[in-house]
Each structure stands twice: as structure tokens, then as C-alpha cells.
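The structure under discussion appears below in the form of C-alpha cells.
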Amino acid sequence: MGSIKPRDMTVNRRILEMEYAVRGPIPSRAAELKQQGRRIIPCNLGNPQALGQQPVSFYREVLSLVEHPIRIERERRLKTLFNGADLHGLERDDFHSDYVLELSENYLSQLETGMGAYSDSSGPRFIREAVAGFIDRRDGAVSGSVPRSDPEQIFITNGASEAVRYVIDLLIDDESDGVMIPIPQYPLYSAAIKRCGGTQVDYFLDEESGWAMDRNLLDSSLEGARKRGVTVKAMVVINPGNPTGAVLDEETVREVIAFAGDNDLAIIADEVYQENVYDADAGFVSFARVLGRGDVPLFSVHSTSKGFYGECGHRGGYLEIRNAPRIRNTDLSFTDLVLKQASVNICSNTVGQLMMYLLVNPPPENTAPYRRFTHERRKILEDLHDKAVMIRAGFDHMDGVSCFGRTGAMYLFPRLDGLPDGTDDFDYCMGLLDRTGLVTVNGAGFGQQPGTSHLRIAFLPPREVIEEVLPKWIEFHNAYVN
Ligand SMILES: Cc1ncc(COP(=O)(O)O)c(C=O)c1O
């Protein structure tokens, strides 16, 4: 019998054409090499635990108890049994603290229905209140110049990606609708716009000024799009930047808000790296704080995937909406239609919701888990910074490599000058993978100024792996370009 020949069909052309380089041909080649037994170092994604980062203990303690509540009571009984007496080789630290037990119990009693049940589509109200409290504390909303965050304008989502899709799907009706995105950008944005048939409107970041935003570049990008008949609805700002690591100062955030206000644009503020700011003189400033009482529509997203938490697999995120637009010719607001989308998905996953609750409720200073929690947090962030410094130092030994801007987020995005004629950054990254096992993403996957070449590397592998692979990369590089 001959083998069965699959039938042809046509599909959604926009999905067919959608690109997402961070999981594109380079990682596919890496998977093949791994199958052949080669060691692979996956630096193509900001996926810290895939590269050995240990989970923060406090989060996992609560997660495990809330998922299996019977253990809360068992833990209490065990603690009483061992209390004060000879602990038979057990240490007090082998038990969950009362704080963790109570927190887990409280969480479950507020949840009412348990982890296995669907929740409200926008996430349980008490989690949205906790997120609002976090935003208010972060932005100093208590002082009055920044309005308080409203839990009814918050959605708990399956990662920031889902939150971004909710907004972009709603903004774009057809190809005449456009969204401005930075170049280079994280390709979620180009993919989301492509998927719903809108127009991507690029605005360039100024590499040699540390990937700064520039009002002239914004104006010319918008003007060009309008001349082409595009109705630009919104602009995306990724702060701190991916892939650039750039961190915006307050003045720049103010200018961006003014630009959006002058041009009737909404802002999508991707703030998933807000904890990943390493320079003492460059603090994170949120768009919500600088917007204050201004009337520009703002969609801010955050995630449990990045920061020091690195819980990508748990898929937690939130979307906060400020100044939700009214929907023309209806009595609905933008928020109602985000809720409609969330309702079709029923609800986000409950473990991600719990992770988000913990992210916005770290253990207070007077509690048992506090010391260990702050120690783990500091260690992870210091380590990330040290590893970025090590890799940057390696670039000094590579001919024609320059890396502009500060270190932020989880990535370095060096420029590769002098690649041999007839080759590009894709060929370079493939060669680097073949020679060293390092999986990176070529600059074209994020967009870049025509005629330039880059790569993005996540500075996540353990130090000893970086120490081992960096000399091989330097050797590969100098042989490649010379
Ligand atoms: C800038 C940016 N936004 C959003 C995301 C997606 O985050 P999540 O895992 O929460 O969906 C990423 C992931 O790398 C990112 O870099």
C-alpha cells in the first residue's frame, strides 16, 4: 500500500506570513544539533530557568501548598510534633514558616473555588486589587498627582503576550489601521500586527545615542505612515528595551506621552523588564506615573516571566488600562471589549494568577521568609549584571563589534560591522551555533537599520558556561570577519 498523500488546503495567509525569529530557523537548527548529541546553550530567549536559574523559594513554597492544600494542615501538625524538641536531624528551615502557611490559606479562602476551577475572566477581584496596590505603591499614587489604579481596569492574563494581543486585536480593524513599533523590537509586536491584518509602522531607535527615542524620528515615521493612508492608532514602547536594554528616563517618557497626546495615539507600554535595571543612576519610571492625570489612553503590561522571578513557564501577566477610549457609535468602552475577549478565553491559568499575586505581594520585612527572599532576589539580579559585564568585555576582543547603550533587560544587542561580503547576521548566527553551541538571534529578527547587522544574546547562562564559551566565540568571530 502506498503512503497516504495529505490533501492541500488554504489557510489564514496572515498566520502563514507571520514571523517570530526567537523561535525561528536558528533554534530549529539548534534542536537538530541537540538531537545529534551536541551541547546547546539556548540564549535565544529570555528564559532564565532554562539556563539553570533557580526559582525563588518563597514563590515555590506558596505555589506548592496552594496547589495541594491538604499539605497545609499536615505541615502544621508536623511542626507541632517537632516543636522545640529534638528535631531528629531536621532544621527549623525544613518546615514552611507560619507566614507561608497563613498566606497560602488566606489565598485559598479568598479564591473560594480552589485552583482547579475557572475564575472570573479578568482574574479574581482580590488579585486585581493586589495588582492595583502594587502599581500605586510603585508610582506613589498615594501622594495625589497620580490617580489610583482601578482594579476594574486590570486583567490578569496568560503572560504579557496575551495582554498585548488583546489590545492589538482590538485596535486593528483592517490594513488601513497601523501601530507604531520601535525598531529594533521584540517580534511579538510585528507578529501580532501581522496576524490581525494591520500595518506595522516602524520608528527607529538611535543606536549610537544608546538606543534613544528621538522626537524627529517619531514625527517622520508618523508623517510617512499618514501619507501612505494609514490611520495610526497607537505606539508601542518597550521599557526597558528588548532587544536593546535601553532604559528611558523620565524626560523621555514625558516627551513620548506628549507626542502621543499631540497625535491622538494610545500608548502600549511594555514594562515587563521593570526590575531588570542594573545601573544605580538609571531607575525605572513607569508610563502610568509620568502620565499622572493626563488623558492619553495607556495600556501597560507586566509579566511574571522576567525580573528576578523568571517564572516564564507559569504564564502570569497583567494588563492595566488608563483612560480607556469610548467605542464610537456604541455605549461601550475599550475595557468592555477586552473583557469580551477574556471571556471567550474563559480565564487565565490559575497558577499564573497566583504567581502574579506573589509578585505584587513580596514578603514584608518583619516576616520569616523576608531575609532569604531578599537575598535570593539580590543574588539573581547581581548575577545577571555580572554576566552581562563578562560578555560585554568579550566584545572588546572581537573585531568590528560595538555594543551601545546601558545594560538593561536580559539582552545584549551588539552591532557586527565588517561581515564578509555575501554573508549576513543570519549566516553569522548559524555559524556561531555550529561552532560553539550558542543559540542567538540575528538582528534581522528584530528589525534594524538597513545595511547594519546585529545579534541578540540573552545574558543568562551560568558564569562557568560563559567563561568556557566566550573564548570560542571570540575565536570564531575573528576568523569569520578576517
Ligand atoms: C518585551 C517583551 N514583552 C513581552 C514578552 C512576553 O512575556 P510573557 O512571557 O509574559 O508573555 C517578552 C518575552 O520575552 C518580552 O521580551
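Only helices (runs of 4 or more DSSP H) whose full extent lies in the stretch 346-436 are considered here, and the ones with at least 3 residues that are more than 30 Å from Phe126 (Cα to Cα) are 370-395, 425-436. Inspect all residues belonging to the stretch 149-170 and state whether any of them is within 16 Å of the ligand (Cβ to nearest atom), small (Gly, Ala, Ser) and within 24 Å of Arg326 (Cβ to Cβ). Yes, that holds for at least one residue. Taken residue by residue, the stretch 32-55 has at least one member that is at positive phi and touching a residue at least 40 places away in the same chain (Cβ under 8 Å).
Restricting attention to the stretch 106-121 and to residues that are within 30 Å of the chain's Cα centre (by Cα), part of a helix (DSSP H, G or I) and not aliphatic (A, V, I, L, M), the residue that is surrounded by the fewest Cβ atoms within 10 Å (Cβ to Cβ) turns out to be Asn106. Please specify each residue of the stretch 299-313 satisfying the condition of being surrounded by fewer than 23 Cβ atoms within 10 Å (Cβ to Cβ) and under 20 Å from Tyr166 (Cβ atoms). Answer for the stretch 299-313, where residues must be surrounded by fewer than 23 Cβ atoms within 10 Å (Cβ to Cβ) and under 20 Å from Tyr166 (Cβ atoms): just Cys312. Checking the structure you have, find out if any residue of the stretch 438-448 is among the polar types (S, T, N, Q) and farther than 19 Å from Pro243 by Cα. Within the stretch 438-448, not a single residue is among the polar types (S, T, N, Q) and farther than 19 Å from Pro243 by Cα.
Among the residues of the stretch 156-190, just one is more than 13 Å from the chain's Cα centre (by Cα), surrounded by 24 or more Cβ atoms within 10 Å (Cβ to Cβ) and small (Gly, Ala, Ser), namely Gly178.
Checked against the criterion of being away from the ligand (no atom under 14 Å from the Cβ), over 21 Å from the mean Cα position of the chain (by Cα) and within 20 Å of Phe134 (Cβ to Cβ), the candidates Leu291, Leu298, Leu265 yield just one match: Leu291. Annotation: of all residues in the stretch 316-330 being farther than 23 Å from Pro147 by Cβ and surrounded by fewer than 22 Cβ atoms within 10 Å (Cβ to Cβ), the one that is farthest from the ligand (Cβ to nearest atom) is Asn329.
Only the coordinates and a few stated rules stand behind these numbers; no lab work does. In this text the structure is predicted, and so the values were computed from the model without any measurement. Positions of Cβ are generated from backbone atoms using ideal geometry, with glycine treated the same way; all protein chains shown enter the neighbour counts.
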